[in-house]
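Below you'll find the structure, written out as structure tokens, and then a few comments.
The values are calculated or read from the model by the stated rules, or taken from the named source; none is laboratory data. What you see is a predicted model; the values in this text were computed from it and never measured. As a convention, Cβ positions derive from the backbone with ideal geometry for all residues, glycine included, and neighbour counts pool all protein chains shown.
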Amino acid sequence: MITPFRTGSSGLKALHGQSIFRKLSRLSDQFPKRILTIVAKITFGTSGWRAILADDFTFANVKIAVAAIAQHLQQTGEAPKGVVVAGDYRFLSEEFMKATAQVLAGHGITSYMCPIGTPTPAVSYELIRRGVAGSINFTASHNPAQYQGLKFNGSDGGPAPVQVTMSLESLAETIAAKGGKVPELSYAQAEEKGLIVSIDPKEEYFKRIHQIVQFDVLKKARLKIVADVMHGNGAGYLDSLLQEAGVNLKLLHSGRDPLFGGLHPEPGVEQLKEAAQLVKTWPAHLGLANDGDADRFGIIDSDGTYITPNEVLAILFDHLLNTRDWKGCVVRTVPTTHLIDAIAKAHNVPLKETPVGFKYIAEIMAKEPIIIGGEESGGLTVHGHVPEKDGILACLLMAEVVAQAGKNLSAVLKSLYQQYGGFYTDRLNLKLKDGLKEVMTAKLKDHPPTEIAGQKVVEISRKDGTQFILSNGEWLAVRFSGTEPIMRCYMEARSLEGLERLRLAGKELTKV
């Protein structure tokens, strides 16, 4: 059973957002002509190219980026395979998808067009299943509403690696230097030539999820769950799969709203307060959430407590070791909890550490099998699945944990701490003003601290940002976001008191 829940204020915001969307859509045919002369440098971060709409993210720049991808695929010989094209519910996603198909058609490349709102993991699975050259996905994921983004995944289904994105940036720069003119066909011409094919990945993606998640365990538990899809691509996917699992479901924010109800579409503790309150008052066994394109997850325990992505990764790693016979390594990014390391050591599982960015986890998956791979920002994948973040799968697996354990997630986590010791993490997000990135980079490089929170710094890792390993095994790390003008300070302590000391030290260290 699904019960939709909507608040009056968010409902008004949703209607307002849809009204704006309709107006912008009617004007979209004029946008390319008006913005044609505005060409900015196209830069791919940890998860594609993201920029402010009508600032750097314009139709002219999108066409240049797509033309660069088309040229890259022609150079690699993969162009005849075609490209899956998708988008989330942000402003003008459909129009950017159409512009993409027109430019690809101008290069003789077929576009396999997904319905708007197809989740990123479903796009990734479909491109692998279909055997195409890659995907172009319009999403800025969890970024604020004023952002749009273009994400290119290669034929392996994973985010394009650094060497590919560097090539795309170079090709885009060359195209822009020549005036930004790119070959394209009209949408009608492309359809006539068979260069546009409409597809819907949902059914095949659902089949894949049923192969991974133990739906029989979920059906027996008859869980009560609150699901917040945050006006994003999880709508029609997460709720439908939970319904198939026999869950009694209350659904939040399922309507389209390009303004995301006035919040960032990021499933963090601040954004999920409404869901957490409903979990407590209903009451429910847990709350589940996805971000704008459904590649990230948010988890709420039965008492309304937010379960951090670090804790989720540890819980799922232990759960999969105990319920599956999968063989392989475990992969985590630099600022992800070392509780993963403790579990891996106890079970004699090889551990791989990568820089931040799921493309690095995807690179490991291309070389060897994994049990689980994930990052503290709320992304994971598992054995034999797509080399891409899957927030829908993560939510279903956490529901499976609760169903099998017969207790709440805090109790599950407590048992992990009893077995492996306590690991407590936090992250500070600090907005960067112009020039501060360079100042902080120089400070950490030229004058690194020798002591933090009363502990000697015994090792400095610069694999991604700067990480200080302390004499008591705790650590603190600083890095700059690849998608937003933000500096992040990560930390992990072995006690709550130690975490507070690191939190204060982190604030002091990041002063400029």
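Quick notes on this structure:
- Hits in region 466-504 (condition: within 18 Å of Pro309 (Cα to Cα), buried (at least 19 other Cβ atoms within 10 Å of the Cβ) and out of contact with any Lys or Arg (no Cβ under 9 Å at 6 or more places or on another chain)): Trp475, Leu476, Glu492, Leu499
- Single unsatisfied condition, Gln211 versus (1) of a type outside the set (Ser, Thr, Tyr); (2) touching a helix residue (DSSP H, G or I) at 6+ places or on another chain (Cβ under 6 Å); (3) in the same structural domain as Asp239 (by TED's automatic domain parsing): (2)
- Note on region 420-440: residues that are in contact (Cβ under 8 Å) with a residue 24 or more places away in the chain and either of a type in the set (Gly, Ala, Ser) or part of a helix (DSSP H, G or I) (or both) total 7.
- The listed residues are Ala86, Ala60, and the only one of them that is buried (at least 24 other Cβ atoms within 10 Å of the Cβ) and under 15 Å from Leu150 (Cβ atoms) turns out to be Ala86.
- Residue identified as at positive phi and at pLDDT 95 or above among Leu150, Leu92: Leu92
- In region 129-155, the residues that are assigned by TED's automatic domain parsing to the domain that holds Asp56 form Cβ pairs under 7 Å with partners that are among the charged types (D, E, K, R) and assigned to a strand (DSSP E or B), at six or more places apart or across chains, as follows: Asn137/Lys151; Thr139/Lys151; Ala140/Arg50; Asn143/Arg50; Tyr147/Arg50; Gly149/Arg50.
- Residue identified as outside the structural domain of Thr308 (by TED's automatic domain parsing), modelled with pLDDT of 95 or more and surrounded by 17 or more Cβ atoms within 10 Å (Cβ to Cβ) among Val182, Val226: Val182
- Residues of region 355-390 that turn out to be of a type in the set (Gly, Ala, Ser), within 14 Å of the chain's Cα centre (by Cα) and farther than 17 Å from Ala314 by Cβ, as a count: 2
- Those strands (runs of 3 or more DSSP E) of region 259-334 in which at least 1 residues are aromatic (Phe, Trp, Tyr), considering only elements entirely within it, cover 297-300.
- Whichever residue in region 111-131 is of a type in the set (Val, Ile, Thr) and surrounded by fewer than 23 Cβ atoms within 10 Å (Cβ to Cβ) and, among such residues, is farthest from Ala235 (Cα to Cα): Ile128
- Enumeration of residues in region 131-154 that are in contact with a helix residue (DSSP H, G or I) (Cβ under 6 Å, 6 or more places away or on another chain) and aliphatic (A, V, I, L, M): Val132, Ala133, Ile136, Ala145, Leu150
- Which listed residue, of Gly157, Gly194, Gly179, is over 19 Å from Phe57 (Cα atoms), out of contact with any helix residue (DSSP H, G or I) (no Cβ under 9 Å at 6 or more places or on another chain) and in a loop (DSSP other than H, G, I, E, B): Gly194
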